[in-house]
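What follows is a short report on a single structure.
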Amino acid sequence: MKEAAYYEKLEDGKVQCHLCPKECVIVDGKKGFCRARTNLEGTLYSDIYEHILACNLDPIEKKPLYHFHPGKPILSVGTKGCNQRCDFCQNWEMIETDVSGTYITSDEIAAMADRGGSVGVAYTYNEPLIWFEFVLECAEKVRKRGLLNVLVTNGYVNREPLEELLPFIDAMNIDVKSMEPAFYEKICKSSLDPVLETCRRAKKSCHIEITNLLIPGLNDSDELIGRLVEFVLELGRDIPLHFSAYYPCYKMKIPPTPFKSLLRAYEIAREKLDYVYLGNVRTEQGGLTVCPSCGNVVIERDGYITRKTGLEGSACSACGARLPITV
Ligand code: SF4
């Protein structure tokens, strides 16, 4: 355990955590909403410092990141806990139960990434922002080795810790789960505005891509997709937007996303955005990167197999246009 960053001591042995917008007030002996920070006798500790539950060498497309070192592997690490509680959570075992993992130091993670042919480290699987103390420490060491840091995140964090972390982060995939505040409140036990703010701030600092899990009847209306597209457009028409197919999981029993809904979202988004992708589903169209200047297919994807068929460096091999792809 390590003393937590971003909290204050209150009277009667209570503490208030300021890491995320939940702003939990925690009495002695109890944990915060994320189940990853504990008040012990008036001091707040991170329970997950140096704790790890999952560690894999994944294709970077699995994060998903499609415009950041396409086709390369990345060491992917995660632990337990989350500061949202989505009814459709696909990793709920890492949140709901008191799962045990193993312990590892930041030096060991950085060295592992350096040895394994990885472009760096992705902090993923559970919510990495509640792993703040450890992620910051790792990210500094990974950066010192000339490797890259990636966050796969729900974006639900306060401004100050985000600003402290961002200088060490090279790319982020941020979930925007709906543009409807009530969706965040009822289904994710969270709120929308801080997530949008994280997207805006991250965009100024590193490469970002946005993911939206399409759930039938909850967030897949033309109107909500239109609002999401307008938000991504505000960030930049060249920001990749991934629509992901939902499958019943955890507390959510709604049937899976029909392919026609994914296609509809794709078509709406492609009217205004240059790069739209479909995930969790086998589709040729939703996995292609096409040069917006000339229509040349520059990257083809089949599952996690990536072929850079029309790229020369970061430029389209047909027309020479520079594309927002880091290789
Ligand atoms: S990080 Fe955890 S303890 Fe801190 S405010 Fe958020 S949910 Fe609460």
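FYI, it's all coordinate maths here, none of it is from the lab. No experiment lies behind these values; they were computed from the predicted model shown. As a convention, Cβ positions derive from the backbone with ideal geometry for all residues, glycine included, and neighbour counts pool all protein chains shown.
Odds and ends about this structure:
- Annotation: Cα Rg of the stretch 199-284 relative to the compact-globule expectation 2.2 N^0.38 Å equals 1.10.
- Hull volume in cubic angstrom per residue (convex hull over the Cα atoms of the stretch 67-148): 112
- Simple spin-label estimate for GLU197 and CYS319 in nanometres, 7 Å along Cα-Cβ: 3.9
- Partner aspartates and glutamates for LYS253 [C-alpha distance under 13 Å; skip if fewer than 8 residues away on the same chain]: ASP87
- Stretch gain in nm, segment CYS55-MET1, where the contour uses 0.36 nm per residue and the Cα spacing is subtracted: 17.4 nm
- For THR102 and LYS253, the difference between the fully extended length at 0.36 nm per residue and the C-alpha to C-alpha distance is 51.1 nm.
- Each Cα pair under 8 Å and six or more residues apart adds its sequence gap; the mean of these over the residue count of the chain is a relative contact order of 13 percent.
- Ranking of ILE268, ILE225 by neighbouring Cβ atoms within 10 Å, starting from the fewest: ILE268, ILE225.
- A straight line joining the Cα centroids of the stretch 263-327 and the stretch 56-85 runs 19 Å.
- Computed about its Cα centre, the charge dipole of the stretch 1-152 is approximately 480 debye, with only Lys, Arg, Asp and Glu carrying charge at their Cβ.
- Rg/Rg_ref, the stretch 1-86, where Rg_ref = 2.2 N^0.38 Å and atoms are Cα: 1.39
- The gain in end-to-end length when the VAL27 to LEU288 segment is fully stretched comes to 88.8 nm, 0.36 nm per residue minus the alpha carbon separation.
- ³J(HN,Hα), Karplus 6.51/-1.76/1.60, whole Hz, each residue of the stretch 281-294, x for Gly, Pro: 8, 7, 8, 6, 4, x, x, 8, 9, 10, 5, x, 7, 10
- R0 of 51 Å, Cβ-Cβ distance GLU41-GLU234: FRET efficiency to nearest 0.05: 0.65
- Rounded, prolate or oblate (a/c below 1.5 giving rounded, otherwise prolate when a/b exceeds b/c) for the stretch 51-286 by Cα gyration tensor: prolate
- Furthest towards positive pole of dipole, LEU10, GLY42, CYS24, structure part the stretch 2-46, Cβ charges: CYS24
- Most simply put, the chain has about 55% antiparallel DSSP beta bridges, counting only bridges with both residues inside it.
- Each Lys and Arg adds +1 at its Cβ and each Asp and Glu adds -1 at its Cβ; summed about the Cα centre, the chain shows a dipole of about 620 debye.
- Going from the residue with the fewest nearby Cβ atoms within 10 Å to the one with the most, TRP92, TRP131 rank TRP92, TRP131.
- In the chain, the DSSP-assigned H stretches of four residues or longer account for a calculated mean residue ellipticity at 222 nm of -7000 deg cm²/dmol, using -39500 (n - 2.57) per stretch and the full residue count as denominator.
- Summarising the overall dimensions of the stretch 2-46 from its C-alpha atoms, the Rg and Dmax are 8.7, 23 angstrom.
- Counting neighbouring Cβ atoms within 10 Å and putting the fewest first, the residues HIS207, HIS51 line up as HIS51, HIS207.
- Nearby aspartates and glutamates by direct alpha-carbon distance to LYS144 (threshold 12 angstrom, same-chain neighbours under 8 apart not counted): ASP107, ASP114
- Across the cross-link table entries LYS186/LYS260; LYS80/LYS141; LYS72/LYS308; LYS189/LYS251; LYS31/LYS63; LYS80/LYS186, which are compared at the Cα atoms, the separations over 18 Å belong to LYS186/LYS260; LYS80/LYS141; LYS31/LYS63; LYS80/LYS186.
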